[in-house]
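Below you'll find the structure, written out as structure tokens, and then a few comments.
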Amino acid sequence: MSFKEGDEMQKYLPNRGSGAVFILLIAFLYNALLIALLYLTNSYEIATILRVALIALNIYQLYYLFICLSLYYVIENEELKIISLWGIKKVKIPLNEIKGYKTFSGKIRGIRLSGYGRDFFAIGRSVIEKIGTTYMYVTSSKNILYIKTDEINYGLSPIEMEKVINNLKNNNICETSWDYKFGKSGTLFNDKKFAIPFMISTLIIGFITINPVIQYLYQNIPAIMPLGFDAKFIPVNYGTGKQFAFKQMTHGLLNMAILLCMYYASYFIAKYDRKSAYKFICVPLVLSIIFLILQIRIFLTFR
């Protein structure tokens, strides 16, 4: 039956594998590691970064875990829909934009760009061997259906594979093979989604690097300043104002090095998937904001 003739909905459940168990195991290990480091550290700066990392990591893990647990596929109204997060997240692929499909069974071979994945499941963006850049919604590699569109490919793992394929055929979508070529990274600064967080990060890093030096030169820093804090923001050692300014400046230089590393990582990833590049540039932005808040707090408390 073709769905061009009506609005009847066909819902297809994914082949449940062990992806959710894998994500839970990784979440447990990462949480145990970060909590142990948080317990052992006696540095306020490191403790703050670990707390932010713990929160961000758990949000990231829960997001992909819930996608894995709530995923299903629907064909209706001339669209293939990938639905997860109990209907909150919907990816709609018009059937007339699908150029073809390809089936696969076995280990997933590729490079993960975002999300979670191993050779037996993948949730997120990946570069798949002989397929190209693919948004993977594959809970089990037992049976994989790759969908090709002009923008990006999609990977599904429905239990009723034959029924999905028959519906695609009824809409004149045939099995096919395709070649893929990766584009050039291009100038990322032409993309506002990349340029804006990069410029904000640069400005913040410039401020936290130069501000302590300016404050020292204008004698706005006391002669004695704390150089280190324990996890409860209690000073553990003191030094001169010059030493304090130099230490704060090194924090800025460290952030600058991280910004450059993430820029080159974004440039490399953009060749495969431009959207994934945006996530890399957010790392130095978050870190620079953390160090800015820490520096402001120190100045407000001890000046």
Given the conditions (1) basic (Lys, Arg); (2) modelled with pLDDT under 90; (3) closer than 19 Å to Tyr137 by Cβ, and given that Lys4 satisfies all but one, which numbered condition is not satisfied? (3)
Going by the conditions given, is Ile93 within 20 Å of Ala270 (Cα to Cα), surrounded by fewer than 20 Cβ atoms within 10 Å (Cβ to Cβ), hydrophobic (A, V, I, L, M, F, W, C) and out of contact with any Gly (no Cβ under 8 Å at 6 or more places or on another chain)? no
So for the range 174-188 (the condition being more than 30 Å from Met249 (Cα to Cα), out of contact with any helix residue (DSSP H, G or I) (no Cβ under 6 Å at 6 or more places or on another chain) and crowded, with 19+ Cβ neighbours inside 10 Å), does at least one residue qualify? no
Scan the range 46-72 for residues that are more than 21 Å from Val21 (Cα to Cα) and either surrounded by 17 or more Cβ atoms within 10 Å (Cβ to Cβ) or not charged (D, E, K, R) (or both) and report the count. 7
What number of residues in the range 230-240 are of a type in the set (Phe, Trp, Tyr) and touching a strand residue (DSSP E or B) at 6+ places or on another chain (Cβ under 6 Å)? 1
Determine if the range 273-281 includes at least one residue that is farther than 20 Å from Leu50 by Cα, modelled with pLDDT under 95, over 29 Å from the mean Cα position of the chain (by Cα) and among the basic types (Lys, Arg). no
Looking only at the range 75-84, how many residues end up being modelled with pLDDT of 95 or more and either surrounded by fewer than 16 Cβ atoms within 10 Å (Cβ to Cβ) or β-branched (Val, Ile, Thr) (or both)? 2
Being surrounded by fewer than 21 Cβ atoms within 10 Å (Cβ to Cβ), modelled with pLDDT under 90 and touching a strand residue (DSSP E or B) at 6+ places or on another chain (Cβ under 9 Å): is that true of Lys169 here? no
Would you confirm whether or not the range 253-268 contains a residue that is part of a helix (DSSP H, G or I), over 29 Å from the mean Cα position of the chain (by Cα) and not β-branched (Val, Ile, Thr)? no
Name the residues in the range 211-241 that are without any contact (Cβ under 8 Å) to a residue 40 or more places away in the chain, assigned to a helix (DSSP H, G or I) and surrounded by 14 or more Cβ atoms within 10 Å (Cβ to Cβ), would you? Val213, Tyr216, Gly241
Within the range 13-24, is even one residue under 30 Å from Ala231 (Cβ atoms) and either touching a strand residue (DSSP E or B) at 6+ places or on another chain (Cβ under 9 Å) or part of a helix (DSSP H, G or I) (or both)? yes
Considering the range 25-48, residues that are out of contact with any helix residue (DSSP H, G or I) (no Cβ under 8 Å at 6 or more places or on another chain) and outside any helix (DSSP H, G or I), and then whichever is farthest from Ile298 (Cα to Cα), we arrive at Asn42
Among the residues of the range 75-90, which ones are β-branched (Val, Ile, Thr) and either without any contact (Cβ under 8 Å) to a residue 24 or more places away in the chain or more than 19 Å from Ile165 (Cα to Cα) (or both)? Ile83, Ile88
A careful count of residues in the range 39-54 that are farther than 22 Å from Gln248 by Cα and either of a type in the set (A, V, I, L, M) or at pLDDT 95 or above (or both) gives 2
Is the range 247-263 home to any residue that is surrounded by fewer than 17 Cβ atoms within 10 Å (Cβ to Cβ), of a type outside the set (A, V, I, L, M), touching a Gly at 6+ places or on another chain (Cβ under 9 Å) and in contact (Cβ under 8 Å) with a residue 12 or more places away in the chain? yes
What's the number of the only condition in (1) in contact with a strand residue (DSSP E or B) (Cβ under 8 Å, 6 or more places away or on another chain); (2) of a type in the set (Phe, Trp, Tyr); (3) more than 28 Å from Asn172 (Cα to Cα) that Tyr63 fails to meet? (1)
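The values are calculated or read from the model by the stated rules, or taken from the named source; none is laboratory data. Only a predicted model underlies this, so the values are computations on that prediction, with no experimental measurement involved. Heads up, the Cβs are rebuilt from the backbone with ideal geometry, glycines too, and the neighbour counts pull from every protein chain shown.
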